[in-house]
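Enquirer: The following block contains the structure, expressed as structure tokens.
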Protein chains: 4
Amino acid sequence: MTRTGVLLVSCPDQPGIVAAVTTFVAAHGGNVVDLQQHTDPSDGAFFQRVQFELTAEAAAGLAAAFAPVATSYQMGWRLRFTDERPRLALLASTEPHCLQDLLNRWRTGELAAEVAVVISNHPDHAELAAWFGVPYHHLPVIDGDRKAQEGSLQVALQAAEVELVVLARYMQVLSPDFCGTWEHRMINIHHSFLPAFQGARPYHQAHDRGVKLIGVTAHYATAALDEGPIIDQDVLRVTHRDDIDDLRRKGRDLEEAVLARAVRAHVTHHVLVYGNKTVVFDD
Amino acid sequence: MTRTGVLLVSCPDQPGIVAAVTTFVAAHGGNVVDLQQHTDPSDGAFFQRVQFELTAEAAAGLAAAFAPVATSYQMGWRLRFTDERPRLALLASTEPHCLQDLLNRWRTGELAAEVAVVISNHPDHAELAAWFGVPYHHLPVIDGDRKAQEGSLQVALQAAEVELVVLARYMQVLSPDFCGTWEHRMINIHHSFLPAFQGARPYHQAHDRGVKLIGVTAHYATAALDEGPIIDQDVLRVTHRDDIDDLRRKGRDLEEAVLARAVRAHVTHHVLVYGNKTVVFDD
Amino acid sequence: MTRTGVLLVSCPDQPGIVAAVTTFVAAHGGNVVDLQQHTDPSDGAFFQRVQFELTAEAAAGLAAAFAPVATSYQMGWRLRFTDERPRLALLASTEPHCLQDLLNRWRTGELAAEVAVVISNHPDHAELAAWFGVPYHHLPVIDGDRKAQEGSLQVALQAAEVELVVLARYMQVLSPDFCGTWEHRMINIHHSFLPAFQGARPYHQAHDRGVKLIGVTAHYATAALDEGPIIDQDVLRVTHRDDIDDLRRKGRDLEEAVLARAVRAHVTHHVLVYGNKTVVFDD
Amino acid sequence: MTRTGVLLVSCPDQPGIVAAVTTFVAAHGGNVVDLQQHTDPSDGAFFQRVQFELTAEAAAGLAAAFAPVATSYQMGWRLRFTDERPRLALLASTEPHCLQDLLNRWRTGELAAEVAVVISNHPDHAELAAWFGVPYHHLPVIDGDRKAQEGSLQVALQAAEVELVVLARYMQVLSPDFCGTWEHRMINIHHSFLPAFQGARPYHQAHDRGVKLIGVTAHYATAALDEGPIIDQDVLRVTHRDDIDDLRRKGRDLEEAVLARAVRAHVTHHVLVYGNKTVVFDD
């Protein structure tokens, strides 16, 4: 049986890293099917993604075998196999479109991940989740006690053994502690071309400024609101004819598309975070 | 002989405006070849552009004849004929690309305007302007006296009977007085997707933030730097592979394209400013 | 009570048409909120779309009142009110994505139309249609008798009082007779940038040719396969990395988007067909 | 002194190629700064681009040292150093825009190549070439003798020691022999989204068909007109408002941009041809 492994590596640059990694892969009978590498000359940082096929036996001990190589090059690294499907939690408030879009992609087999749970601070999406056969948790904020709600959320995520949290238009502000727990494992979709129009009601802000394009941004959520590492962005053209409802309508399609692309990039192990930026290798 | 007129109108909305204007045009033997109209329901503002063909005789007295119609609807309005070519000044500092691009478009007949003069605070573009046969003024800032330089600039613009000033990568900050004189008649190209990355070195700012798209914005220059009414914007995709020189290189093409589109929209009378926004009718 | 009317007009060009139509609207107390006009100078054809608000009383007799105006200018014309929602049939074969997308848009209220019925030559989408509460007809081709199946289809469409047929990835070839019956009232989505890659398996054709962009086209279906008037098209970038499954996956999003835009343009009365082309007014 | 080398490799896939190549580079003291690799699973073809820095001494003997590695893996390969600037010939007929654009990019240092000569079958561009200081050959077709003109062209290209021929809107059909001589070393820009609208007057064809996007294609010229391997393509949106002159005007900008991108990809050694397709690695 053949398995496909993905090795993501970052370390200080020096000659010989690519040779060391690919020689290691070859020595374990792996055949490289995709290799991408990036060096940032400004700070001498080295990044690499290698995808390779090998036997199940060879795959079994690979991580242990790689550890010494990693150590000798001071690597941060991650080894994953494509047959291990990451478990996702989809969080949404009232707007259903991003949630529905991701559930559709999952149902049709496009999304290389498991939707483990859908969570909302509203009851609205129970029927939808039921149709897709996914557990639904309604976790309202009661008496304004956000901390309690966040506690319930954390419990639900852990119970579902979630690896990636997707804020699919989830409009609750999350605490720095919570964001820290899910650092680089929680993706948010913000409906502006960040860093323009941070904060609330970005389509209103865009309309007021009279921009000729509106945008959306998928980024890792951090304690600093809307300032986390950007994974993907896109824009579409608007005109003076578009009122705020038009921006919302047109924006929905873009939000779905960009969030889906970012989630895909993450669950197929194409993203490396460094500082407040990302390296997103080609899919 | 047939002439083509363009009437741009803005006024408070009320029933009958389109009928009044088009009946006026028809009464003078004009044939409407393009009509676009926009109503902003949020504040009841009405905007219209009518393009029509008529005889030279009918054209001669048209403005005078329209005045009472305009008064009765409280219109702001502008009547222009396409055989009157607006006179432009192109201002550039050291970077030649936007200047060169506009001169090329003028030379090949694409630009429906006259390039009356090229002005720079540097001597760099003298040879280029000479090749195109356009007068070149080198107006340096001497001993840091920006006010004096701006005075010379104003004189040069008036001497050349300029109607539109194009800041084709002109990197001098202009005084509020100067901006006021040229209000809605001076177009700037800023190399970011405004309102993101206002001010200096926007490509550096974009690189630092790790955005996945870079943009450019053409806008009317106002006293408030980079905050004037936006005419056009566009973006292009960048990745972690692109360093600042790559952003500059890719951005140049976009700066040329967006500035050229904005100038074209202005000189063909497709732009109406209201508040800090624009209505840009389809070309 | 205020209603919103849309008048679509095409006729030979002559001076005074816009004035005649807008004067007519004003005379019935209508307030023009959007007017777009196009003249094709190559053949002197005139096209106009006027959207206006007026009282329900004024709306009642408007069509009858307009008839003489239309006659005097030899107009083809259509008058519709935005509170009359066109009834749609959605036809799909096995692929669910376009169907699901349109149903979602309808459910969230984005689509200004009624989904009257979902029809397929396969049983696959019954559960989906049921969830949305839309009648589902499974009309298989039995013993290869396409004519019989087409007859059942025609009956079902008439029974549901359908005004527009949407071929949302419906892979059955339809007879010239059927296409004639639904001329300019049946929209197809073809997964190529027509006229490139007509016919079967366009993504395979695109992959074989090594194109760097793939496209999709929404058009009115006609007897000549893939040659009807184009309503909308779009493309996305692909590379040598994309195999046919990648093209299919990326293409799905584009198919949904372009079909939805075309259906929207039609049901909001923004499309005029002339010859084998369309005038699509700005939304 | 440090030099930068680029090694382009294609061969049948097998385990260990990347390791072999990168180990070779490391053994010669090279530091990999960019590595991209592609495997086509449909036919087991392997493609790789490695960019690396090394000393001038190490660079000197590198090609000879690599030959045995190449042989053992049955590689087609090319080794180039970025300080060797490819010599280009720019060929144009009457339209100047692509020619001018490439000359500008060369003058400003953006183009990593030498413009060795400008050649036209018309006298039109002599003044332009002179201003840029590039030799200009006017090689007209005399008495319809295309073969003689092509002979002169071949002589001129060889005399100028040209490595890449750029057909920058050169409207003469070239013989199969000539195309064979310059196989994969001659880039043409065709003003349609190939394979749509092959042959003459593609903007007229596009206008007649009523497409909603127009495109351009840069490809290696082959004996089969407009059917060579595609390097890059792009499109822009048009509407019913655009007549053929509008398509030409809008298309010019796109032709310049896409041709410039394709030439850049070639002269920076990012393109591998296989069959009738290309692998274009990321820039």
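The values are calculated or read from the model by the stated rules, or taken from the named source; none is laboratory data. All figures in this text were calculated on a predicted structure; none of them were measured in a lab. When we count neighbours, we look across all protein chains shown, and the Cβ atoms used for this are built from the backbone with ideal geometry, even at glycine. Ligands, DNA and RNA are excluded from the accessible area calculation, which covers all protein heavy atoms including side chains. Shrake-Rupley method; radii C 1.70, N 1.55, O 1.52, S 1.80 Å.
Enquirer: Here are some conditions: (1) under 27 Å from D:Y274 (Cβ atoms); (2) within 13 Å of chain D (Cβ to nearest Cβ). C:R249 meets all but one. Which one does it not meet?
Expert: Only one criterion in (1) under 27 Å from D:Y274 (Cβ atoms); (2) within 13 Å of chain D (Cβ to nearest Cβ) is unmet by C:R249, namely (2).
Enquirer: I'd like to verify a number: residues in the stretch C:228-239 that are farther than 25 Å from C:D283 by Cβ and more than 9 Å from chain D (Cβ to nearest Cβ), how many?
Expert: 1
Enquirer: Which one of these does A:T108 not meet: (1) hydroxyl-bearing (S, T, Y); (2) farther than 25 Å from C:E256 by Cα; (3) out of contact with any strand residue (DSSP E or B) (no Cβ under 9 Å at 6 or more places or on another chain)?
Expert: (2)
Enquirer: Mind checking which pairs have a first residue in the stretch B:183-197 that is within 14 Å of chain A (Cβ to nearest Cβ) and touching a residue at least 40 places away in the same chain (Cβ under 8 Å) and a second that is of a type in the set (D, E, K, R) and open to solvent by 10 Å² or more (accessible area, probe 1.4 Å), Cβ under 8 Å, 6 or more apart or different chains?
Expert: B:I189/B:R169
Enquirer: So if I check each of C:A206, C:A160, which one is more than 15 Å from the chain's Cα centre (by Cα) and farther than 30 Å from D:D226 by Cα?
Expert: Answer to the selection: C:A160.
Enquirer: Can you name the residue in the stretch D:47-92 that is polar (S, T, N, Q) and buried (at least 20 other Cβ atoms within 10 Å of the Cβ) and is also farthest from D:V6 (Cα to Cα) among such residues?
Expert: Only one residue tops the list, namely D:Q48.
Enquirer: Sort out which residues of the stretch D:71-103 are part of a helix (DSSP H, G or I) and either modelled with pLDDT under 95 or under 14 Å from D:R252 (Cβ atoms) (or both), and write them in order of number.
Expert: Once the filter is applied, which keeps residues that are part of a helix (DSSP H, G or I) and either modelled with pLDDT under 95 or under 14 Å from D:R252 (Cβ atoms) (or both), the stretch D:71-103 yields D:H97, D:C98, D:L99, D:Q100, D:D101, D:L102.
Enquirer: So C:K212 fits all but one of (1) more than 9 Å from every other protein chain (Cβ to nearest Cβ); (2) modelled with pLDDT of 95 or more; (3) in contact with an Asp or Glu (Cβ under 7 Å, 6 or more places away or on another chain); what number is the exception?
Expert: Tallying (1) more than 9 Å from every other protein chain (Cβ to nearest Cβ); (2) modelled with pLDDT of 95 or more; (3) in contact with an Asp or Glu (Cβ under 7 Å, 6 or more places away or on another chain), C:K212 fails exactly one: (1).
Enquirer: Output the residue which, of all residues in the stretch A:107-143 that are within 19 Å of the chain's Cα centre (by Cα) and within 14 Å of chain C (Cβ to nearest Cβ), is most open to solvent (accessible area, probe 1.4 Å).
Expert: The selected residue is A:R107.
Enquirer: Right, here's the next one. Applying the selection to the stretch B:269-283, what residues are more than 9 Å from chain A (Cβ to nearest Cβ) and touching a Pro at 6+ places or on another chain (Cβ under 7 Å)?
Expert: If the condition is that a residue be more than 9 Å from chain A (Cβ to nearest Cβ) and touching a Pro at 6+ places or on another chain (Cβ under 7 Å), then B:V273 is the only one that fits.
Enquirer: Within the bounds of the stretch B:152-160, is there any residue that is among the hydroxyl-bearing types (S, T, Y) and either open to solvent by less than 10 Å² (accessible area, probe 1.4 Å) or farther than 20 Å from B:H122 by Cα (or both)?
Expert: No: zero hits.
Enquirer: So which strands (runs of 3 or more DSSP E) stay within the stretch A:2-58 end to end and still have 3 or more residues that are more than 8 Å from chain D (Cβ to nearest Cβ)?
Expert: A:2-12, A:45-55
Enquirer: Any idea which of B:A265, B:A224, B:A200, B:A260 is touching an Asp or Glu at 6+ places or on another chain (Cβ under 7 Å), among the hydrophobic types (A, V, I, L, M, F, W, C), more than 10 Å from chain A (Cβ to nearest Cβ) and free of Cβ contacts under 8 Å to residues at least 40 places away in the same chain?
Expert: B:A265
Enquirer: Please identify the pairs in which a residue from the stretch D:86-113 that is closer than 18 Å to D:E163 by Cβ and of a type in the set (G, A, S) has its Cβ atom under 6 Å from the Cβ atom of a residue that is part of a helix (DSSP H, G or I) and at pLDDT 95 or above, counting only partners at least 6 apart or on another chain.
Expert: Here the result reads D:A89/D:L157; D:A112/D:V267; D:A113/D:V267, each pair linking the stretch D:86-113 to a residue that is part of a helix (DSSP H, G or I) and at pLDDT 95 or above.
Enquirer: Still on this model: So which residues in the stretch D:261-281 are among the β-branched types (V, I, T) and within 18 Å of D:G109 (Cβ to Cβ)?
Expert: D:V263, D:V267, D:T268
Enquirer: Out of the residues in the stretch D:18-46 that are open to solvent by less than 10 Å² (accessible area, probe 1.4 Å) and within 25 Å of C:I244 (Cβ to Cβ), which is modelled with the highest pLDDT?
Expert: Ranking the qualifying residues of the stretch D:18-46, first place goes to D:F46.
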